Amino acid sequence: MQDGSAEMDINIIWSSALSLFMGALWLFVREKFEDIKRLERLLNITREEIARDYTTNAEVQRITDHIDQRFNRLEAKIDQLIQAGK
C-alpha cells in the first residue's frame with residue numbers, strides 16, 4: 001500500500017511542478033506580448049514623428065531651385081560689376 005501512496009505523492013508533486021512551470025511560462029509569454037504591443041505603439045509614434053520632421057523630395061527640390069535662382073542673380077550682379085569696372 002505504501003508503494004501506491006508513494007506513487008501518488010510523486011504524481012501530485014509532478015503535477016504541481018508542471019502547474020507551476022506552466023503558470024510561470026504563461027506569465028512570461030503574456031509579459032512578452034505586452035512588451036511587443038508597447039514596442040509596436042512606440043514604433044508607430046516614431047513613424048509619425050519621422051514623417052512630421054523630414055521634408056519631402058518636392059520640398060527639397062523647391063528650396064534647391066530657389067537657392068539656385070538666388071545664386072544666378074548674384075552671379076549676374078557680379079558680372080555687371082565686373083563689366084562696369086572695365
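Add -39500 (n - 2.57) for each DSSP H run of 4 or more in the chain, then divide by its residues: what number comes out at 222 nm, to the nearest 500 deg cm²/dmol? Mean residue ellipticity at 222 nm (helix-derived): -35000 deg cm²/dmol.
Where nothing but the Cβ of Lys and Arg (+1) and of Asp and Glu (-1) is charged, how large is the charge dipole of the chain around its Cα centre, in debye to the nearest 20? Could you put the intermediate results ahead of the total?
Values: 12 positive and 15 negative charges, 179 e Å.
For this selection, approximately 860 debye.
So what does the Cα-only Debye profile of the chain read at q = 0.13, 0.20 Å⁻¹, as log10 I(q)/I(0), no solvent term? Rounded to two decimals, the profile gives -0.77, -0.98. For residue 64 and residue 14, the difference between the fully extended length at 0.36 nm per residue and the C-alpha to C-alpha distance is 10.7 nm. Over the chain, accessible surface divided per residue gives 99 Å², non-protein components excluded, 1.4 Å probe. For the chain, the longest principal axis of the C-alpha atoms and the axis of helix 2-53 are separated by about 10°.
For the chain, the fraction of 1.4 Å probe accessible surface lying on carbon and sulfur atoms is 61 percent. Available extension along the chain between residue 21 and residue 73 is 11.0 nm, counting 0.36 nm per residue and deducting the alpha carbon span.
The values are calculated or read from the model by the stated rules, or taken from the named source; none is laboratory data. Treat the numbers as computed from the prediction; the structure is a model and nothing was measured. Using ideal geometry, Cβ is built from the backbone for each residue, glycine included, and neighbour counts are taken over all protein chains shown. SASA here: full protein model, heavy atoms, side chains in, ligands and nucleic acids out. Shrake-Rupley method; radii C 1.70, N 1.55, O 1.52, S 1.80 Å.
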